[in-house]
Amino acid sequence: MANCNQQSIEINTRDYVVQATAANGHVRALAAVVTGVVDEIARRHKMWPAASAALGRTLAATAMIGAMQKGKEKVTVQIIGDGPLEQITADGDGEGNLRGYVQNPHVDLPLTEQGKLNLSAAVGKGHLWVIRDLGLGEPYRGGVPLVSGEIAEDFASYFAQSEQTPSAVALGVLVEVDGGVQAAGGLILQLLPGASEGLAIILEHMVRDLPAISSLIDSGSTPEDIIEQAIGDLQPKYLNRLPLRFTCTCSRERCESALIALGKEELEDIIREQGKAELTCRFCQEQYLFDKEELKNIQERIGKTGN
Ligand SMILES: [Zn+2]
């Protein structure tokens, strides 16, 4: 029997997130490049461009929120809208592990008048949720209604409303026609307590004047380059640099636990009607096949543990 083969792929040394402070500690800045991680996930799910773009923006923000966490603290972002993508889910943590999926990866909508992917229509109206699991029991969950479905604005609204931190957020993904990802990443600038109103206006201008994040990354910019280009004048001081990788926590053992949780009778039905069970991880698309013999073994174990 296969072991718990945790899916973890160190893809790309260009994928990392940095955190800095600037303007004498009144500004927190984070920038991330997630091109390799998003490309890996998009290919595993055979995503079409709108899904790759939506997931890429969400994962870039998740990577930066994860970098604000400590070690194994986890963060899950859910964007649930009434558009055809339905739901975007991304998981991250303070160690740089990332994974995610889009409920409906095959969405095709007409481009906007500017020739861009229409993410607003693909996501629709709904909510953005951020769930932080600090490992202290009940996770902290905050959410806001979606502002535009363009995702960056939606995260800015989340930080302002749910965390009372005025923030400028820029996210960008350059998608290839086959849904592959050529560049993906983002920038978050936050005003910390004690910052003046003038500084808020300066930050807004700095982000507005910044070239598209995806074209910066496509032309080779690192997360530090993005921060320098955005707020170099505010003397950023770098605090940490966290490599990012695609990791999925699924395993054969976890699938067995899921089968055990079905209970003896449900398993009996599966054995009788299908003679096997095929489980697919919705995060990484890894398939786990259990034949009749293995299902019977699992069923016997239920009896022994008294479930
Ligand atoms: Zn998985």
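Rule-based calculations on the coordinates, nothing more; no lab input. Treat the numbers as computed from the prediction; the structure is a model and nothing was measured. No Cβ is skipped: glycine too gets one built from the backbone with ideal geometry, and neighbour counts run over all protein chains shown.
From the helices alone, meaning DSSP H stretches of at least four residues, give me the mean residue ellipticity at 222 nm for the chain, per-run term -39500 (n - 2.57), in deg cm²/dmol to the nearest 500.
On the way: 10 runs with 107 residues, N = 307.
When only DSSP H runs of four or more count, the value is -10500 deg cm²/dmol.
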> Over the range 36-83, how many percent of alpha carbon pairs lie in each 5 Å bin up to the one with the longest distance?
Replying inline: 5, 19, 25, 23, 18, 9, 3
>> Sort Ile231, Ile270 by Cβ crowding within 10 Å, fewest neighbours at the top.
In response: Ile270, Ile231
> Applying the Karplus parametrisation 6.51 cos²θ - 1.76 cosθ + 1.60 with θ = phi - 60° to the phi angles of the range 282-295, what ³J(HN,Hα) value in whole Hz is obtained for each residue in order, glycine and proline being reported as x?
Replying inline: 6, 7, 10, 6, 5, 9, 10, 10, 10, 7, 4, 4, 5, 5
> Where nothing but the Cβ of Lys and Arg (+1) and of Asp and Glu (-1) is charged, how large is the charge dipole of the chain around its Cα centre, in debye to the nearest 20?
Replying inline: 540 debye
> Top mean-square fluctuation among Leu85, Leu30, Leu192, Gaussian network model of the chain, C-alpha springs under 10 Å?
Replying inline: Leu192
> Which distance in nm do the two modelled labels at Leu111 and Glu224 give, with both placed 7 Å along the Cα-to-Cβ direction?
Replying inline: 3.6 nm
> In sequence order, what are the phi-derived ³J(HN,Hα) couplings for the range 132-138 according to the Karplus relation 6.51 cos²θ - 1.76 cosθ + 1.60 with θ = phi - 60°, rounded to whole Hz, with x for glycine and proline?
Replying inline: 9, 9, 8, x, 10, x, 4
> Toward the positive end of the charge dipole of the chain, about the Cα centre and with charges on Cβ (Lys, Arg +1; Asp, Glu -1), which of Cys248, Ile217, Ser162 goes farthest?
Replying inline: Cys248
> What length, rounded to one decimal in nm, is gained on full extension from Arg254 through to Glu153, with 0.36 nm per residue of separation minus their alpha-carbon distance?
Replying inline: 32.7 nm
>> Can you sort Arg245, Arg208, Arg141 from fewest to most other Cβ atoms within 10 Å of each residue's own Cβ?
In response: Arg208, Arg141, Arg245
> Arranged by the count of other C-beta atoms within 10 angstrom, fewest first, what order do Met206, Met68, Met47 take?
Replying inline: Met68, Met206, Met47
>> Give the residue list of trypsin sites (Lys or Arg not before Pro) in the range 47-125 that are DSSP loop and have at most 15 other beta-carbon atoms within 10 angstrom.
In response: Lys70, Lys72, Lys116, Lys125
> Mind listing P(r) for the range 252-305? All alpha-carbon pairs, 10 Å bins, whole percents.
Replying inline: 25, 58, 17, 1
> Which whole-number percentage describes the relative contact order of the chain, with Cα contacts under 8 Å and a sequence gap of 6 or more?
Replying inline: 24 percent
> What lysines sit close enough to Lys46 to cross-link, taking a C-alpha to C-alpha distance under 22 Å and skipping anything fewer than 8 places away on the same chain?
Replying inline: Lys116
>> Normalised radius of gyration for the chain, please: alpha carbon Rg relative to 2.2 N^0.38 Å, two decimal places.
In response: 1.09
> With charges only on Cβ, +1 for K and R and -1 for D and E, what is the dipole size of the range 257-298 about its Cα centre, in debye, rounded to 20?
Replying inline: 60 debye
> In sequence order, what are the phi-derived ³J(HN,Hα) couplings for the range 110-115 according to the Karplus relation 6.51 cos²θ - 1.76 cosθ + 1.60 with θ = phi - 60°, rounded to whole Hz, with x for glycine and proline?
Replying inline: x, 5, 6, 4, 7, x
> Setting aside same-chain residues fewer than 8 positions from Lys296, which lysines have a Cα under 21 Å from its Cα?
Replying inline: Lys264, Lys276, Lys304
